[in-house]
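Down below is the structure, laid out as structure tokens.
Since every read-out is calculated from the coordinates, none of them should be taken as a lab result. This structure is a prediction, so every number in the text was calculated from the model and none was measured. Cβ placement follows ideal geometry from the backbone for every residue including glycine, while neighbour counts extend to all protein chains displayed.
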Amino acid sequence: MTYTGKVTVGGTPDVRELTDLIITKVAVGPMSNNAYVLRCRHTDEQVLIDAANDAETLIEVVGEAGLAAVVTTHRHGDHWQALAAVVDATGARTIAGAEDAEAIGVPIDAVVTDGDEIPVGRSRLKVIHLVGHTPGSIALLFDDPEGMPHLFTGDSLFPGGVGKTWSHDDFVSLVDDVERKVFARLPDETWFYPGHGDDSTLGDQRPHLADWRARGW
């Protein structure tokens, strides 16, 4: 079936099959967070992006292949409520952005920053540090050699705007980083997967960048 990225809490996960990776998107409650399981098609190694909630659901999606690592996109509690339980069940390593790691309520095994890479079997996720929603928020780029780029943005970029900020300076930092590190570097066909809600492409959102900056949120 065609991947849409439209998922609901308690509903069926949506699966996207690429040449090298299988991406499974699932929504977990109570804040309808998105979690993503990435599976290498060559080695079956798996990485989870954001153990947000509903540990039983996430462990079911992970299945018998196990879990090599859990990457937390940022420090906010709704993105790591299930982290301890998932790690206890799978033995996965924990990874987070350097500036946010100490604020996450589970020990972090490895911190990452801009330009670092996280393996998923034979594939790699490139870390993009985006400052504003939190000091250590990260996005994760899979630059598919067989197709379009795929970007997991946490709460830094959504269809319709950048993530929530709590000061003008934080907003300027975030919109500057998103414009410079994401839109200026990646093509329109880049598909992005946010921390809540539906997916989009950079091409769909690019015409609105000036409007976002002008409105200040």
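Some points to look at:
- Amide proton proximity set for TYR193, modelled H, under 5 Å, gap of 5+: LEU151, PHE152, THR153
- For the pair THR2 and ASP198, a Förster radius of 22 Å applied to the C-beta separation gives a FRET efficiency near 0.95, rounded to the nearest 0.05.
- Alpha-carbon centroids, segment 71-89 and segment 121-162: separation in whole Å: 18
- Taking every C-alpha pair closer than 8 Å and separated by at least 6 residues, the mean separation divided by the residue count of segment 1-143 gives a relative contact order of 17 percent.
- Computed over the chain with a Gaussian network model linking Cα atoms closer than 10 Å, the most mobile of ALA184, ALA27, ALA96 is ALA184.
- Two-decimal Rg/Rh across segment 78-155, once Rg and the Kirkwood Rh are taken from alpha-carbon atoms: 0.98
- In this label model, ALA210 and ASP176 are separated by 2.1 nm, measuring between points 7 Å along each Cα→Cβ vector.
- Student exercise, segment 14-215 dipole from Lys, Arg, Asp, Glu Cβ charges, in Debye to nearest 20: 280
- Candidates ALA51, TYR36, PRO159 compared by Cα position along the dipole of segment 14-215: farthest toward the positive end lies PRO159, with charges placed on Cβ.
- The chain: most fluctuating residue of GLY97, GLY121, GLY136 per GNM, C-alpha cutoff 10 Å: GLY121
- Largest mean-square fluctuation among HIS76, HIS150, HIS168, in a Gaussian network model of the chain whose springs join Cα atoms under 10 Å apart, belongs to HIS168.
- For the chain, the longest principal axis of the Cα atoms and the long axis of helix 168-177 meet at an angle of about 70 degrees.
- Among beta bridges that DSSP assigns inside segment 14-215, antiparallel share in %, nearest 5: 70
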